[in-house]
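Here is the structure we will look at.
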Amino acid sequence: MLVNEMTEKDCRDLLARSSIGRLGCSQDNQPYVVPIYFAYELDYFYVLSTIGQKIEWMRANPKVCIEIDEIASESEWVSVIVNGHYQELPEPQYADERAHARKLLEKRYLWWQNALGERQVKSGEELITPTFFRIRIGSMTGLRAIAEGR
């Protein structure tokens, strides 16, 4: 297996065709990693979530990372790590950004279901308020593994 660094263009191509990744955040020297559903555009990931541990931790420490990968086999895969900064998009001051995030996320099938559906079922009658946020990309790196002989 050969492992090579990916170009920035190859990294961005992976981000553009992906919609699920792993978000890493930390608080008090404790890391926390969760899967997220996102829309990517230029220098941002846009995400819809509900209030919980990841939001609370990112509010306290906005430095985050996102990992996205595609795995064909143990010897053929690509992986991109993005370091960035959390920014919540509350209403009304971020109404335009929220509308833009919604527009991007709506392009994906059942984009809202993971974040709101499960929590709404668990909470019963209590209305769950969605939280839109974005991650501003600070840096990214990527690796590509290729099986030898290919």
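Below are the figures for this structure:
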read-out	value
Enumeration of residues in the range 56-89 that are among the polar types (S, T, N, Q), farther than 30 Å from ILE146 by Cα and in a strand (DSSP E or B)	GLN87
Tally, over the range 39-69, of residues that are more than 17 Å from THR141 (Cβ to Cβ), without any contact (Cβ under 8 Å) to a residue 60 or more places away in the chain, among the hydrophobic types (A, V, I, L, M, F, W, C) and in contact with a strand residue (DSSP E or B) (Cβ under 7 Å, 6 or more places away or on another chain)	2
Selection count, the range 45-76, where residues are closer than 25 Å to LYS9 by Cβ, surrounded by fewer than 21 Cβ atoms within 10 Å (Cβ to Cβ) and out of contact with any Phe, Trp or Tyr (no Cβ under 7 Å at 6 or more places or on another chain)	6
Conditions (1) outside any strand (DSSP E or B); (2) in contact with a strand residue (DSSP E or B) (Cβ under 9 Å, 6 or more places away or on another chain); (3) modelled with pLDDT of 95 or more; number of the one not met by SER26	(1)
Residue selected from the range 90-108 under the condition in a loop (DSSP other than H, G, I, E, B) and within 16 Å of the chain's Cα centre (by Cα), by the criterion surrounded by the fewest Cβ atoms within 10 Å (Cβ to Cβ)	LYS107
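The values are calculated or read from the model by the stated rules, or taken from the named source; none is laboratory data. Not measured: the values here are computed from a predicted model. Reconstructed Cβ throughout: ideal geometry from the backbone, glycine too, with neighbour counts over all protein chains shown.
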